[in-house]
Amino acid sequence: MSPQSSPIRKFNPGTGQSDGEVMDQFVVRDKELDIVLDVLRSNIDAPSCQSTLVIAPRGAGKTMLLARVAAELRANAEISPHLLPIRFMEESHEAYDIGEFWLEAIFHLILEIETASPETASELRRSHDDLSARWRSDLAPQALGVLLDAADRLNRQLVLLVENLQNLCRDADDRFGWALRSVLQGEPRIMLLGSATTHFRELRNASEPFFELFHFVVLKPLDATACLRLWRQVSGDGESERTIRPLEIFTGGSPRLLVMVAEFAVHHSLPKLMEGLVALVDNHTEYFRGRLEQLPPGERRTYVAMIDLWQPSSTGEIAQRARTDIRKVSTCIGRLRSKGLISEQGTGNRKRYVASERLYSIYYKLRRERDEAAVVRNLIRFMAAFYSSDELVEMSDDLMQGASESTAIYRGIARALRDVPSLIDPFERRILGSVAEAFRAGQHKVALRSCERLLAGETLPAAITCKLLLLKALCFNEAGDHEAELVVCDELIRHFDHDRTLAVQDTIAFAELNRSTTLGHVGDAAAAIEASDSVVRRHAQHQLPDTENRVAIALENKAVALRETEQFEALIETLDEIVTRFGAIKEQRFRTLVVTALVDRGAALDHIGDTPNAIEALQTTLRHHGDSTVPELQPALAAAHFNLGNAFKRLGDHGSAIKAYHALDRDFEGTQDEDVQHCVAQGLVNLGVLFGQDMDDTQRAINTYDRVIHRFGHAKEPRTRRQVAMALANRGTVQRQIGEHESALASWKEVTERFSPNPDQHTRDLVTTAQVHTATLFAATGAFEQSRRALEDTLQEFNETEDPRVRKELGRALTMLGAVEIDSNRPANALACSQRIEREFGDLDGQFVWLARCHATRAHLALADLDRARSEFDRAYQVLVPTARSIGGLIHMTSDALCFGLPAATIIDILAKDDAKADALGPLLVALRLEAGQEVRAPNEVMEVATDIRASWHAKKAGH
């Protein structure tokens, strides 16, 4: 075989090639070339130009066709005086809006004319540099003006050859397509010849900018004749059409794949396919391009700037080259480092970043500038530094892999890291990368063991040690060992807080944030608040990445801790800080945070008694955001309606409260969001309470509770299930009030049946409440034995629980049981209940102690032990907190004491011991003194009440 002397390019046709070489190597797609050229000829001096789009999959020859068109426009004497090609690089990674697109067009126009029109090229370069330096304002019209002015000076129409238009439309902003269409339709000095891999969305939809804008040229797979022609051009071998048919089938008619196979047929070895530097990049282009295209736009933009700079550069230099805000670039640098694509050099303000694989720089320089001289100069400098013998030994991938498996190798590398700081980043990428990968894969025990082994060895640089400690803490967090997690976080912060380097401070800030979250989970609110404040302070002191997100999470954690500890005034200050810091940010996460803070602020104002301002704050929030359909905002908006109803209810404005609860029910009917469902259910329960207790509208209360049960009865979410249980329990209470005892018992029975056995922590106390209500009703109707059994069953079922709410209900149950024992004339059992109440439940509620001692007094009276009865009466009075209910109980106990023979004078002596309490017992003391035959002087109204009290005593004594 005698192959072509200059190999056909599989990638980058036209790069480093003369127009003659491109024409010689263009041996297929003649028909498509003629179509494109005919369209371009028709555009000459036309008032409106037809743009053309070549569509084909990768490797089908789109780039070669556009390179061939460019060569024709330069060489054809008929066309060249009228049309000037401006050939963009294959991926327009620097065009993210229409202004940058025109800036790229100027750049490539300079490359096109700098030989033929050096003065114009020089002026354009100055304009390009000036526009690049002032990229933040009015870039698009100014750049387009420069381009059109150049077209006028050159007296030619400009043909923009733009490849991969689908990627350009994907990555550019929303205004790009319409802005480009406007120019292409209205400006005859500019036309576009583009390529794309598919009929992408902007081409297909009538509402998109490129609909019916282009004349399409579709490249189909090569047939046997075309395959044979290309094969002969590459290999010099004259195969027949019959023998080329299997090759056509194998390659699918793909020019690129066919060239690869033909070259391999000549050389039989991949290295021999290389064509110096260009061939090296040619064979790796698919790899480079694939890696670049996998990056999100922001990271790709930052990375392209770095590989174009081709030297260690500061964050500011990279941001200037990328024409992007420095904070966004800083965030992207962190992500690129985590992916192993870039290396870090230096520390603090002298920190510099460079691509880990320098071949990316060669690739990009060659593709963008098509100038081998600049590439060769940088390549020689890079190769001399990169391939030194020491670096090959110290940075070997095998050695780094061995360090993760061998302590001896690890120690050697750790010592080298201390001696050669430039090796820190490669080590971090290789060793920490494997630990982080195990963590992300859920192999937390493996990651934890790796961290502990690395930390137990040679001392590592601070930045790496901090990250290892952080990973270790996160492993403990995933394992649920929060105590160990907090110990590691404390160690990290304590040991490295003095290190002011950005990487260390960044890791400490992340550890503090994690610590604040964990402290909140374990219930240490004070420490969680302190940790959250520390996160905010650290981000204020250092320019750390991801500041907004971290500070937002820290303030959220602080707000939760303040709310749980009922520090409402401090909570309001924190919520105000959230609104001030993040109120202007449009990103949805922060909008949700701010709206939630506004709602929580209204609730907090209500808690501190500033209910009018709470109502105003909640109404303002709903006025501004209530119509939003953004899913993330719905829980906050539901909470706003709920809190508004509560606030109106607290003010006694029942009509407004009902409207708020009804709005909550109406606006969120049918929602599937669990937080919203819980809020709606809770609002309806509160509405039922409002109807039943505050307005004495029992039927509407029952109907409201029925709505909760019907609407949320099948809910799985624990908090919503609690509201269902509460609705059932409350419905039973209302039914008992109106005398529907069977219905009440059925409601309370349904609570038990729905949520027992083994009710969860959200419903356990309500199951207990329902059982106590059932026993109370039995006792009230004289069914003491049924009441006793129900109460004893309840006490036995839940006796082991530590839940404070359940234990309080158990205290009520035991208190009720004591009353039943007395009413059943079982005073010994009542005394046992009394003692157990004080022993097991006395610390929960002082009311339990008061009732226990009342039971003991009545039991001793029933046993005719007046001395013990007097003593228990005295002990009960010592813990009495005068309320309407407790004073009524005291009158009832006094009546029993008198009936059983305890002298009125003895009771007077007990009650008179405490002057403060005695003042609240005026009518009772007057009645006792009258009963004791003492002379009494009191206002008429007091005497009337005292007379009524004595009459009830005498009636009870007569019945006794």
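Dipole magnitude for the range 29-221: about 460 debye, using +1 per Lys or Arg Cβ and -1 per Asp or Glu Cβ, origin at the Cα centre. Full extension of the chain between residue 871 and residue 182 yields a length gain of 238.2 nm, computed as 0.36 nm times the residue separation minus the alpha carbon distance. Here the mean projected area of the convex hull built on the C-alpha positions of the range 568-682 is 6.7 nm². Taking amide H positions as modeled 1.01 Å from N, with prolines and chain starts lacking one, no residue 5 or more places away or on another chain lies under 5 Å from residue 172. Quick check for you: which residues of the range 921-960 have the amide N under 16 Å from the point 7 Å beyond the Cα of residue 892 toward its beta carbon? What the label zone holds, given the 16 Å backbone N cut-off, is 952-953, 956-957. 3J(HN,Hα) couplings calculated from phi for the range 186-202 with the Karplus curve 6.51 cos²θ - 1.76 cosθ + 1.60 (θ = phi - 60°) are, in sequence order, x, 10, x, 7, 10, 9, 10, 10, x, 9, 7, 7, 8, 6, 6, 3, 5 Hz; Gly and Pro show x. Using the Cβ-Cβ distance between residue 608 and residue 216 with R0 set to 60 Å, the FRET efficiency works out to roughly 0.30. Scalar couplings 3J(HN,Hα) for the range 812-818, obtained by applying the Karplus form with A = 6.51, B = -1.76, C = 1.60 to θ = phi - 60°, are 5, 4, 5, 5, 5, 5, x Hz; x denotes Gly and Pro. Taking only the C-alpha atoms of the range 28-107, the Rg (one decimal) and the largest Cα-Cα distance, Dmax (whole number), read 13.7, 36 Å.
Rounded to the nearest Hz, the phi-derived 3J(HN,Hα) couplings of the range 893-900 under the Karplus curve 6.51 cos²θ - 1.76 cosθ + 1.60 (θ = phi - 60°) are 5, 4, 4, 4, 4, 5, 4, 8, where x marks glycine and proline.
Please compare each pair in 558/808; 913/956; 659/716; 445/472; 917/957; 649/716 to a cut-off of 20 Å on the Cα-Cα distance and tell me which ones are over it. Pairs exceeding the cut-off: 558/808; 913/956; 659/716; 917/957; 649/716. Here residue 937 and residue 957 are evaluated by their C-beta separation; at R0 = 35 Å the FRET efficiency comes out at 0.85.
Looking at the square roots a ≥ b ≥ c of the eigenvalues of the Cα gyration tensor of the range 882-960, which shape do they give, rounded for a/c under 1.5, prolate if a/b is larger than b/c, or oblate? In terms of gyration-tensor shape, rounded.
Assuming R0 = 41 Å, can you tell me the calculated FRET efficiency for the pair residue 154 and residue 205, based on Cβ-Cβ distance, to the nearest 0.05? After rounding to 0.05, the efficiency reads 0.65.
For residue 62, which lysines qualify as cross-link partners when the Cα separation must be under 24 Å and same-chain residues fewer than eight apart are set aside? Leaving aside lysines fewer than 8 places away in the same chain, those within reach of residue 62 are 10, 31, 220, 365. The amide H of residue 190, built 1.01 Å from its N in the peptide plane, has 158 as neighbours under 5 Å, considering only residues 5 or more places off or on other chains. Protection proxy ranking for 544-556, 849-861, 621-633, using the average of other Cβ atoms within 10 Å per residue and placing the highest first: 849-861, 544-556, 621-633.
Classification of the range 29-221 by its C-alpha gyration tensor yields an oblate form. The axis ratio a/c (a ≥ b ≥ c) is 1.5 or more, and b/c is at least a/b.
For residue 86, the residues whose amide H sits under 5 Å from its own are 159, 160, 161, ignoring neighbours fewer than 5 places away on the same chain, with H placed 1.01 Å from N.
Where a number appears in this text, it was derived from the coordinates with a stated rule and is not lab data. Nothing here was measured: the structure is a model prediction, and the numbers come from that model. Quick reminder, even Gly has a Cβ in these numbers, built from the backbone with ideal geometry, and neighbours come from all protein chains shown.
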